[in-house]
1. So in the range 113-137, with the set limited to residues that are in contact (Cβ under 8 Å) with a residue 40 or more places away in the chain and closer than 16 Å to residue 81 by Cα, which one is surrounded by the fewest Cβ atoms within 10 Å (Cβ to Cβ)?
2. Need a quick list: helices (runs of 4 or more DSSP H) entirely within the range 33-125 having at least 3 residues that are closer than 21 Å to residue 15 by Cα.
3. Which of the residues belonging to the range 1-18 are touching a helix residue (DSSP H, G or I) at 6+ places or on another chain (Cβ under 9 Å) and crowded, with 16+ Cβ neighbours inside 10 Å?
4. Conditions: (1) closer than 18 Å to residue 132 by Cβ; (2) out of contact with any strand residue (DSSP E or B) (no Cβ under 8 Å at 6 or more places or on another chain). Residue 103 meets all but one. Number of the miss?
5. From the list 148, 66, 157, 54, which one is at pLDDT 90 or above and either surrounded by fewer than 16 Cβ atoms within 10 Å (Cβ to Cβ) or within 22 Å of residue 34 (Cβ to Cβ) (or both)?
6. Of the conditions (1) farther than 30 Å from residue 44 by Cα; (2) free of Cβ contacts under 8 Å to residues at least 60 places away in the same chain; (3) buried (at least 16 other Cβ atoms within 10 Å of the Cβ); (4) within 19 Å of the chain's Cα centre (by Cα), residue 77 fails just one. Which one is it?
7. Being surrounded by fewer than 19 Cβ atoms within 10 Å (Cβ to Cβ), more than 16 Å from the chain's Cα centre (by Cα) and in contact (Cβ under 8 Å) with a residue 12 or more places away in the chain is the filter; apply it to the range 101-112 and report the residue that is farthest from residue 85 (Cα to Cα).
C-alpha cells in the first residue's frame with residue numbers, strides 16, 4: 001500500500017511502518033502498527049500526527065504536567081524513580097543527591113521523548129517518555145485518542161525501544 005507521507009506500507013499483517021523524526025535535536029523513533037489494513041482517512045490521521053511530532057510533544061508534555069494533579073500513575077512514576085536513582089545520577093541530572101529536593105515538575109521536564117507509536121485501528125498515538133540514557137527500563141506513556149486527548153495512561157517496561 002502507498003501513502004503520500006508514509007510511502008510504502010507493509011499490509012501483510014495489518015499495517016506496519018517505521019521511521020525517525022527530529023525533535024529538539026534528537027532522533028525519535030516513530031512506528032505505526034495495526035491489525036487491519038487502514039483506510040486512507042486513518043492513514044491521513046496518522047500522517048498528521050507523524051508530521052507534527054515536535055508540536056505534539058509540547059502538547060503531550062502539558063498533559064503530563066497537568067496529570068501530576070490528578071493521575072496516580074504519573075506521580076508513582078516520579079516517586080519510583082526518585083527513590084531508585086543513584087545519588088550520582090540524581091546529582092548529575094538534578095543538581096542534588098537528595099530526592100526530596102527534586103520537585104516532580106523538574107523531574108518531568110528532564111524526561112525525553114523516546115518513541116511514538118501510531119495505532120490506526122484506534123486512531124490513537126502513544127508518546128513514550130523516559131530519562132535520558134540507560135538509567136531506567138520504564139517509560140511514561142502519554143496517549144491521545146479521538147475521545148480522550150492527551151493523558152498519561154500508564155508506565156511500562158521498555159521492551160523493544162531503546
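The values are calculated or read from the model by the stated rules, or taken from the named source; none is laboratory data. Because the structure is a prediction, the values reported are computed rather than measured. All Cβ positions, glycine included, derive from the backbone under ideal geometry; neighbour counts span all protein chains shown.
1. From the range 113-137, those in contact (Cβ under 8 Å) with a residue 40 or more places away in the chain are 113-121, 123, 125, 127, 129, 131, 135-136; that's our starting set.
Okay, now just the ones that are also closer than 16 Å to residue 81 by Cα, so 129, 131, 135-136.
Values: 129: 23, 131: 19, 135: 15, 136: 18.
Among them, the one singled out is 135.
2. Numbers: elements: 40-50, 53-66, 72-84, 87-94, 104-109.
By residue number, 40-50.
3. Narrowing the range 1-18 to residues touching a helix residue (DSSP H, G or I) at 6+ places or on another chain (Cβ under 9 Å): 1, 3-6, 9, 15, 17.
Of everything in the range 1-18, those that are touching a helix residue (DSSP H, G or I) at 6+ places or on another chain (Cβ under 9 Å) and crowded, with 16+ Cβ neighbours inside 10 Å turn out to be 3, 6, 9, 15, 17.
4. Checking residue 103 against (1) closer than 18 Å to residue 132 by Cβ; (2) out of contact with any strand residue (DSSP E or B) (no Cβ under 8 Å at 6 or more places or on another chain), the one that fails is (1).
5. Details: 148 fails: at pLDDT 90 or above; 66 fails: at pLDDT 90 or above; 157 fails: at pLDDT 90 or above.
The conditions single out 54.
6. Only one criterion in (1) farther than 30 Å from residue 44 by Cα; (2) free of Cβ contacts under 8 Å to residues at least 60 places away in the same chain; (3) buried (at least 16 other Cβ atoms within 10 Å of the Cβ); (4) within 19 Å of the chain's Cα centre (by Cα) is unmet by residue 77, namely (2).
7. First pass over the range 101-112, keeping only residues surrounded by fewer than 19 Cβ atoms within 10 Å (Cβ to Cβ): 101, 103-106, 109-110, 112.
Cutting the leftovers down to more than 16 Å from the chain's Cα centre (by Cα) gives us 101, 103-106.
In the following step, the residues that additionally are in contact (Cβ under 8 Å) with a residue 12 or more places away in the chain were identified as 104-106.
Details: 104: 14, 105: 17, 106: 15 Å.
If we take residues in the range 101-112 being surrounded by fewer than 19 Cβ atoms within 10 Å (Cβ to Cβ), more than 16 Å from the chain's Cα centre (by Cα) and in contact (Cβ under 8 Å) with a residue 12 or more places away in the chain, then 105 is farthest from residue 85 (Cα to Cα).
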